[in-house]
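Worksheet for the structure shown next.
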Amino acid sequence: MELQKASAELLERHLRELTEHIGIRLAGSENERRAAAYLDKIFRRYAPSSRIEKFPVWERTVKAERLEIKINGKWKTFPCSLFGSAPGTGGKSIAGDLCFFVSAVDYQRKDISYLKGKAVVHLGCHIENESDYRRLMQAQPAFLLFVDTRYPANAALADGLFPSYVAKFGAKPTVNVAYMDAWSWKQNGATEAKLRIEGDRKSSFSRNVIAEIPGTEPGCGIIFAGGHHDTQAGSVGADDNATGSVALLELARILSGLKLKRTVRLISFGAEEQLSMGSAEYVRVHRNEIERSGVFMFNLDSYGSLMGWTEVNYNGDKAIERLLKSCFKRQNIYVHYASGVVPYTDQFAFAAAGVPGLWVYRKNCEAGRFFHHRHDDTVKMLSMELIARHINAAAEFISNLADAETMPFKKKIPDKQAAEIRHNWESLFGGWQGF
């Protein structure tokens, strides 16, 4: 069938609405609500049905952050960013001796009680091991200064703690600091730190926006496509992940009116920046339907970088890679493929329900994207023409699956991947019961 092409003009219009008119879209915030309402409005132009499902989250409500470091007997102020799900300091200043802790090796120590009462410079911003996080909380540091070791950045990159760990073991005030600032503290013999966070977190609601293009034979299953519309603090998130949400709008336009066998369900998730809480919540609520009818999940997240290369990580049959290659090559896009388990994407929760799927993203440095979670993740970093070509490839792949007489690959995730997915689903997400 001849498909419409993605429109660079429409994509830019939607991207500017989300990033410039609405702006930073923290999960649970008024701006995230506005973004969800905008997406729902555009979906309704093309899809027969669109709806919004709400779910509870912590909303970050920081008013001011102040970090002071003592160097050569003098206090100096440095930027910092409170992690999502982390508590603040209640507006009070807390202090501690500075202590550097290298997560890649120091969790091997049998005893880390020496961190008690310290301002811990934690090299490595993700603790992916439940035991390590539990031990860190038991050590009772005064507060944590996390350093993203993927990028030698001059800016404090926003990020978040795993909500399931926080629910099980609690949390200390935790902020991100710039890599090069931490380097200067080490180099110049910094001795103490003081932290004051005005504002904290509050109970709120995030939103998933769901549009559906019904199939002519609903019993044949559902093809899912996803992205997310929330952002990290201080970032308008043009690439991470307004590009994913606007891709869904264009997919709705391109696929609308087609008579496809299978239903295509397009979901813009909230709270992805809180470890994919939106997709996890959606899959838990709709578990029976997804396990029974889910055929595939196609996730787009951060794939618009002007310079770089495209990567696809998939969970499922090797035949998925072969099918994708032909779709991307027709758009003159050559892709690096991998099949690891990545729990930081909205595709992961669907894999936990046994649905094969993939994540399309784009790197511009070996560690990812140099503007990841930063203030300069803006429209100027993106190529509209490249985004459109990715969407054209996605539309071809999705429509082919939706109209196939039989699936061209097994609806099965390889056993080794499935075991790792189950482990991460239980450990990081709290499993089917949540946290």
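The values are calculated or read from the model by the stated rules, or taken from the named source; none is laboratory data. Here the structure is a predicted model, which is why all the values come from computation and not from measurement. FYI the Cβ positions are ideal-geometry reconstructions off the backbone, even for glycines, and counts take in every protein chain you see.
Suppose we filter Glu59, Glu53 for residues that are among the acidic types (Asp, Glu), within 20 Å of the chain's Cα centre (by Cα), in a strand (DSSP E or B) and over 20 Å from Ala86 (Cβ atoms); which single one remains?
On inspection, the qualifying residue turns out to be Glu53.
Checking Ala167 against (1) at pLDDT below 95; (2) out of contact with any helix residue (DSSP H, G or I) (no Cβ under 9 Å at 6 or more places or on another chain); (3) outside any helix (DSSP H, G or I), only one condition comes out false. Which one?
(3)
Looking only at residues that are among the small types (Gly, Ala, Ser) and in a loop (DSSP other than H, G, I, E, B) in region 251-267, which one is nearest to Phe397 (Cα to Cα)?
Among them, the one singled out is Ser256.
If you go through region 170-183 one residue at a time, how many are outside any loop (DSSP other than H, G, I, E, B) and without any contact (Cβ under 8 Å) to a residue 40 or more places away in the chain?
Going through region 170-183 one residue at a time, the tally reaches 3.
Report every pair of residues separated by at least 6 positions or lying on different chains whose Cβ atoms are under 9 Å apart, first residue within region 23-50 and without any contact (Cβ under 8 Å) to a residue 24 or more places away in the chain, second among the basic types (Lys, Arg).
Asn31/Arg25; Arg34/Arg25; Ala37/Arg207
One residue is enough: does region 401-418 have a residue meeting the conditions surrounded by fewer than 19 Cβ atoms within 10 Å (Cβ to Cβ) and more than 24 Å from Gly221 (Cβ to Cβ)?
Checked region 401-418: at least one residue is surrounded by fewer than 19 Cβ atoms within 10 Å (Cβ to Cβ) and more than 24 Å from Gly221 (Cβ to Cβ).
Residue check: is Ala395 buried (at least 21 other Cβ atoms within 10 Å of the Cβ) and either in contact with a helix residue (DSSP H, G or I) (Cβ under 7 Å, 6 or more places away or on another chain) or not assigned by TED's automatic domain parsing to the domain that holds Pro152 (or both)?
Yes: the conditions hold for Ala395.
Looking only at region 320-368, filter to residues that are over 28 Å from Gly270 (Cβ atoms) and in a loop (DSSP other than H, G, I, E, B); which one of those is modelled with the lowest pLDDT?
Residue satisfying both the conditions and the ranking: Glu366.
Scan region 376-435 for residues that are under 30 Å from Asn154 (Cβ atoms) and among the charged types (D, E, K, R) and jot them down.
Asp376, Asp377, Lys380
Within region 194-211, is even one residue assigned by TED's automatic domain parsing to the domain that holds Ala95, in a helix (DSSP H, G or I) and not basic (Lys, Arg)?
no
Take region 35-61 and flag every residue that is buried (at least 21 other Cβ atoms within 10 Å of the Cβ) and of a type in the set (Lys, Arg).
Arg60
I'd like the residue in region 109-131 that is of a type in the set (D, E, K, R) and either surrounded by fewer than 16 Cβ atoms within 10 Å (Cβ to Cβ) or touching a residue at least 40 places away in the same chain (Cβ under 8 Å) (or both) and, out of all such residues, is nearest to Ile69 (Cα to Cα).
Looking at the filtered set, the residue picked out is Lys116.
Of the numbered conditions (1) crowded, with 23+ Cβ neighbours inside 10 Å; (2) more than 21 Å from Pro408 (Cα to Cα); (3) in contact with a helix residue (DSSP H, G or I) (Cβ under 7 Å, 6 or more places away or on another chain), Arg284 satisfies every one except a single condition; which is it?
Arg284 satisfies all of (1) crowded, with 23+ Cβ neighbours inside 10 Å; (2) more than 21 Å from Pro408 (Cα to Cα); (3) in contact with a helix residue (DSSP H, G or I) (Cβ under 7 Å, 6 or more places away or on another chain) except (1).
Filter region 24-50 down to the residues that are closer than 24 Å to Ser204 by Cβ and of a type in the set (D, E, K, R), then identify the one that is nearest to the chain's Cα centre (by Cα).
Arg25
If I ask for residues that are at pLDDT 95 or above and surrounded by fewer than 24 Cβ atoms within 10 Å (Cβ to Cβ), which ones from region 221-235 would you list?
Hits for region 221-235 are Gly221, Ile222.
Of the residues that make up region 56-76, is at least one among the acidic types (Asp, Glu) and farther than 29 Å from Arg284 by Cα?
yes
Could you tell me whether Leu358 is among the aliphatic types (A, V, I, L, M), within 30 Å of Glu2 (Cβ to Cβ), crowded, with 21+ Cβ neighbours inside 10 Å and under 18 Å from the mean Cα position of the chain (by Cα)?
So Leu358 fits the description; yes.
Where in region 69-156 are there strands (runs of 3 or more DSSP E), lying fully within it, with 1 or more residues that are in contact with a Ser or Thr (Cβ under 7 Å, 6 or more places away or on another chain) and under 23 Å from Ala167 (Cα atoms)?
Correct list: 119-123, 143-147.
Taking into account only those residues within region 6-28 that are in a loop (DSSP other than H, G, I, E, B) and out of contact with any His (no Cβ under 9 Å at 6 or more places or on another chain), which is surrounded by the most Cβ atoms within 10 Å (Cβ to Cβ)?
Per the stated criteria, the residue is Ala27.
In region 29-50, is there at least one residue being charged (D, E, K, R) and assigned to a loop (DSSP other than H, G, I, E, B)?
Scanning region 29-50, I find no residue that is charged (D, E, K, R) and assigned to a loop (DSSP other than H, G, I, E, B), so the answer is no.
Filter region 114-145 for residues that are small (Gly, Ala, Ser) and touching a helix residue (DSSP H, G or I) at 6+ places or on another chain (Cβ under 8 Å); which is modelled with the lowest pLDDT?
Selected residue: Gly124.
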